[in-house]
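Read the structure below first, then the notes.
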């Protein structure tokens, strides 16, 4: 059964100047539900936050650019993301979820709209898929030649401890690979976890990118996410030219109740990034790298 997610916090700017062209490389949009209903088979139910709400969030935070990722609650329905992209084509890029039978004309339409990648959902705990819907390896392997021809990259939502098992199949697609949220590591596992160590090596070699994001998902201690510092430091030391940052706004899968964490502040998440970086590295992660990866003008 799907659970209702909490709403995001009101925008809270971080209190420092962001570099010109700063990009939030991981957001989602939901709705309007009257036009774009969620999939019946889904793991969570977020409140509506459409493209107009996203642009208000970006403006309030001082972010110039943004990447919208189709969320698993929509399955392979990219329409809400596409409507949002059309609101500000120069500021926004997309990452889609696809079905095996997607037509050439649809791939061309997505590319023209600003989609630059496809997301595969491989996130498991104890061998079990965490989120229903999403795109698996079989569909990816079928579509990879057609996506390569359009210059798309592969965004992989996975648990870093599973990366040694998954990497051969991902690399065989011969696409640029971007690992979500530092491999969704729990800080309790430590930076010596073999999967996280492999992620660092792949980033160091330029074989993969990762989103140095999701501190609220990795932390055991909570804000200001000091326990995430060693993981961020390891990735920055490996190769700052293969890192981008994202907020994960509007922060799905936070629910009411006394035993669960509250919805994170985007200001807190940006202040963590500022703590991890010097000025040059901050500019590279927030502006230069996403411009190259997502093809912003």
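The values are calculated or read from the model by the stated rules, or taken from the named source; none is laboratory data. What you are looking at is a predicted structure, and each value in this text was computed from that prediction instead of being measured. Counting neighbours? That spans all protein chains shown, and the Cβs are built from the backbone with ideal geometry, glycine included.
Quick grid of which residues meet (1) surrounded by fewer than 17 Cβ atoms within 10 Å (Cβ to Cβ); (2) outside any helix (DSSP H, G or I); (3) under 17 Å from the mean Cα position of the chain (by Cα):
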| residue | (1), (2), (3) |
| --- | --- |
| 145 | yes, no, no |
| 148 | yes, no, no |
| 162 | no, no, no |
| 169 | yes, no, no |
| 183 | no, no, yes |
| 192 | yes, yes, no |
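Just one of 54, 92 is at pLDDT 95 or above, closer than 27 Å to residue 256 by Cβ and in contact with a helix residue (DSSP H, G or I) (Cβ under 9 Å, 6 or more places away or on another chain); which is it? Give the derivation first.
Values: 92 fails: closer than 27 Å to residue 256 by Cβ.
When all the criteria are applied, what remains is 54.
Tell me, which strands (runs of 3 or more DSSP E) lie completely within the range 5-118 with 3 or more residues that are closer than 21 Å to residue 264 by Cβ?
23-27, 65-69
Can you spot a residue in the range 267-284 that is in contact with a strand residue (DSSP E or B) (Cβ under 7 Å, 6 or more places away or on another chain), crowded, with 18+ Cβ neighbours inside 10 Å, at pLDDT 95 or above and farther than 17 Å from residue 13 by Cβ?
So far as the range 267-284 goes, no, none of its residues is in contact with a strand residue (DSSP E or B) (Cβ under 7 Å, 6 or more places away or on another chain), crowded, with 18+ Cβ neighbours inside 10 Å, at pLDDT 95 or above and farther than 17 Å from residue 13 by Cβ.
Exactly one of these conditions fails for residue 175: (1) in contact with a helix residue (DSSP H, G or I) (Cβ under 9 Å, 6 or more places away or on another chain); (2) surrounded by fewer than 19 Cβ atoms within 10 Å (Cβ to Cβ); (3) in a loop (DSSP other than H, G, I, E, B). Give me its number.
Every condition holds for residue 175 apart from (2).
Just to be sure, is residue 227 touching a helix residue (DSSP H, G or I) at 6+ places or on another chain (Cβ under 7 Å), surrounded by fewer than 17 Cβ atoms within 10 Å (Cβ to Cβ) and modelled with pLDDT of 95 or more?
Judged against the criteria, residue 227 is a match.
In the range 131-142, what residues are outside any loop (DSSP other than H, G, I, E, B) and within 26 Å of residue 243 (Cβ to Cβ)?
Of everything in the range 131-142, those that are outside any loop (DSSP other than H, G, I, E, B) and within 26 Å of residue 243 (Cβ to Cβ) turn out to be 137, 140.
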